[in-house]
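The next block holds one structure in the form of structure tokens; read it before the comments.
The values are calculated or read from the model by the stated rules, or taken from the named source; none is laboratory data. Source: prediction; values computed, not measured. Methodologically, a virtual Cβ is constructed for each residue, glycine included, from the backbone with ideal geometry; neighbour enumeration extends over all protein chains shown. For the accessible areas, the whole protein counts, side chains as well, though only heavy atoms, and no ligand, DNA or RNA atoms are used. Shrake-Rupley method; radii C 1.70, N 1.55, O 1.52, S 1.80 Å.
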Amino acid sequence: MRSLALAATGLGLASTGAQVFLLRDLLVSAAGDEASIGIGLSSWLCGIAVGAILARRLSSDRAGRLSPFLLAAVSLSGGTAAIVGRLLRAALAPSAGELPGLGLTFVLAGATLLPAGLLVGSAFSALGAIAGRVPNEAPDDVLTRIYAFESLGSLVSGIAATFLVGVTVAPLPACLGAGLVAALLALPLANADRPGRRVLLGTAASLAVAVLYSTSLDTASEKVRFRSISPGAPIATVVDTPLAHLVLAGDEVRHLYINGRYSASFPDPYSCETAAHLAATFAEHPRRVLSLGGVAHGPLRHLLLHGVETLTLVEPDPAAFAFLEDHLPPEDQKALGDPRVRIVESDPRRFLNRSSGVYDLILLLAPDPSTLGRARLTTTEFFRECARRTDPRGTLVLSLRTAPAALHGETASLSATLFASLRRSYPVVRVTPGPESFFVAGFDPDAVSLDPAILAERYRARGINSDGFAPELFAALLLPDRVMAFGSAVEREAAASPPSTDDRPASFAFALARAERETGSLAGKVLALATGLPSGLLAVLVLVPAALLALRAWMRPPPLPTVAAWCVGMGGASGMAWTLVLLLSFQIREGALYQALGLLTASFMLGLATGAPFARTLSRRL
């Protein structure tokens, strides 16, 4: 029993290490789209089911001979599958500059998480088949304990992934190291099996060498993948923080990619200066400024010219901020060191909830809400917290990529839902024309102005001298006819659009649908259709298959084994749905799944480890 317990513990260590690492890597290959988490988990569980079915008929003797080989394969699966996934991402990449569609995500999940899960399911079933060989113990009791030890290994691996990976250990070495430990723990199981013992020793030796060269392997495969994302831009450096995967590319101009998606370029003098001066003049007197992202790499030094007394910069990922700061131009580093700038390491929502400060200008100059991590900063609940911290004559400024002229499709819906969400907390909301629009919200219609004459006067009154911006540009950037037409179009759309909420983040749905539509994928068309349907109708459509199956069962009752199989399947489907809901709810509340995937997986496995013995005891009493 001791050798089985060690092998099961190693299986849990290796499998959860591989699962978390592959899910994180899939998230990067899918350009940060959290839908990849659901697709990846589904592929993983599907693989486990197929593997268990394939191995369930093994005799105890055959299972004993195959177990070392299966455990060796599981130990190798994480690192191998990740490298295969990166190479496949490069081979099947869309055109440069385009985002990957959900179709590519399914392919990558099927090529990485599904086979890894298949090996885990097969290995666990093989260990279960050996349970009948343990003397003086009931096979069911042994199987329950194997399950508990496997869950314990998963728990340890998940906790380590949360608190060590990206903090003190890089992800690939950690995954390979977990596989190495698993191979060593499986050795006692193969004591009497020379071929199995040789395979496990060879696997352990290979993984030990791979750990030593893991940095080179990681860098080489990362370069291949990144070449498909941004060809011609050499990688300067790559870093994993507890909250994200960061790539900095380019030479003289640096390009920042967060979780596989373009985030910013610097230095970018014209765009940064123009955005900073526009945003600052939207506030009547920007003495107290709160920035919730998007100003450190350029706009900050221009914002400080507007009579700012304090500027609070909220950064949710300290490691990412330190990484970025080291690569900024000297003038931006100097601006970050200005005594008026206060850097707070906190999640924006948590900061607003705990803060007692009031601000003349709140800035949200972040990328589009095409991930839940970004969309959670565009909900009515979030804007309500912003409104509590906005001075009666202050403003909130939010940026969004829209369109230079007419609005249509998902861009119109996205603009409208943001407008509707802001209007729940701010009585005055105005919108500038695209392609880079600003939503300017506040309480006083006199303070919230898009009149180019008023903005130019504010700019002049602040005594700013700039070679790259002049007050005359306000008239060119904010032509009254365009401002009125664009704002009216957004307001008309907003009248029939739902606001974005934590429970139903419509901004994420529309932004994701727009991103998928830009890929030309079938998923984009389906998402575009789904986002326009009422939530009640969506619920009915989801329930239709279950209702049809229930009707068929009522008309022609199936045999008991079929009923049991369907019940187990429905339980699994419900559990998977709840898992995804909880993961996404956690994302909305906390801001990042990247680090927490390990801890959440560990918590899930702890529940399984606790539930298995409990169910066994309950079944005996019944």
A 1.4 Å probe over the protein heavy atoms gives the chain a carbon and sulfur accessible-area percentage of 63 percent
Using a Debye calculation, one point per C-alpha and no hydration shell, please list log10 I(q)/I(0) for segment 393-487 at q = 0.12, 0.16, 0.23, 0.25 Å⁻¹ in order. -0.40, -0.70, -1.25, -1.36
Folded to 0 to 90 degrees: helix 194-212 orientation relative to the chain principal axis, Cα: 20 degrees
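Just need the relative contact order of segment 241-398 here, percent rounded to a whole number, with Cα pairs under 8 Å and 6+ apart. List each step's numbers first, then the result.
Values: 253 pairs, mean separation 36.9, N = 158.
Once normalised by length, the contact order is 23 percent.
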Most to least packed among 430-441, 328-339, 266-277 [average Cβ atoms within 10 Å]: 430-441, 266-277, 328-339
For helix 480-495, what angle does its Cα long axis make with the longest principal axis of the chain, in degrees from 0 to 90 and rounded to 10? 40 degrees
State, as an integer percentage, the relative contact order of segment 206-303 based on alpha-carbon contacts under 8 Å between residues 6 or more apart. 15 percent
Assigned charges on the beta-carbon of Lys, Arg, Asp, Glu; segment 391-515 dipole about Cα centre (debye): 120 debye
So how tilted is helix 35-55 from the main axis of the chain? Cα-based, degrees 0 to 90, rounded to 10. 10 degrees
Based on DSSP, what percent of beta bridges with both residues in the chain are antiparallel, to the nearest 5? 60 percent
Quick one: accessible area per residue over the chain, 1.4 Å probe, rounded to a whole number of Å²? 44 Å²
Positive minus negative residues near LYS223 (Lys, Arg vs Asp, Glu; Cβ under 13 Å): +2
Overall form of segment 251-355 per C-alpha gyration tensor (a/c, 1.5; a/b vs b/c): oblate
Once you have the Cα-Cα distance between VAL169 and ASN191, take 0.36 nm times their residue separation minus that, and quote the gain in nm to one decimal. 4.7 nm
With the cut-off at 1.5 for a/c, could you classify segment 300-379 from its C-alpha gyration tensor as rounded, prolate or oblate? oblate
Candidates per GluC sites (Glu not before Pro) in segment 445-492, loop by DSSP, up to 15 other Cβ within 10 Å: GLU472
Mind grabbing the accessible area of PHE486 for me, 1.4 Å probe, Å², rounded to tens? 10 Å²
Relative contact order as a percentage, the chain, C-alpha pairs under 8 Å and 6+ apart, gives 16 percent
Shape call, the chain: gyration tensor on alpha carbons, a/c limit 1.5: prolate
Ordering 224-231, 408-415 by per-residue average of other C-beta atoms within 10 angstrom, highest first, gives 408-415, 224-231
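For a protection proxy built on the mean count of beta-carbon atoms within 10 angstrom, sort 50-62, 117-129, 383-395, 286-298 highest first, please.
117-129, 286-298, 383-395, 50-62
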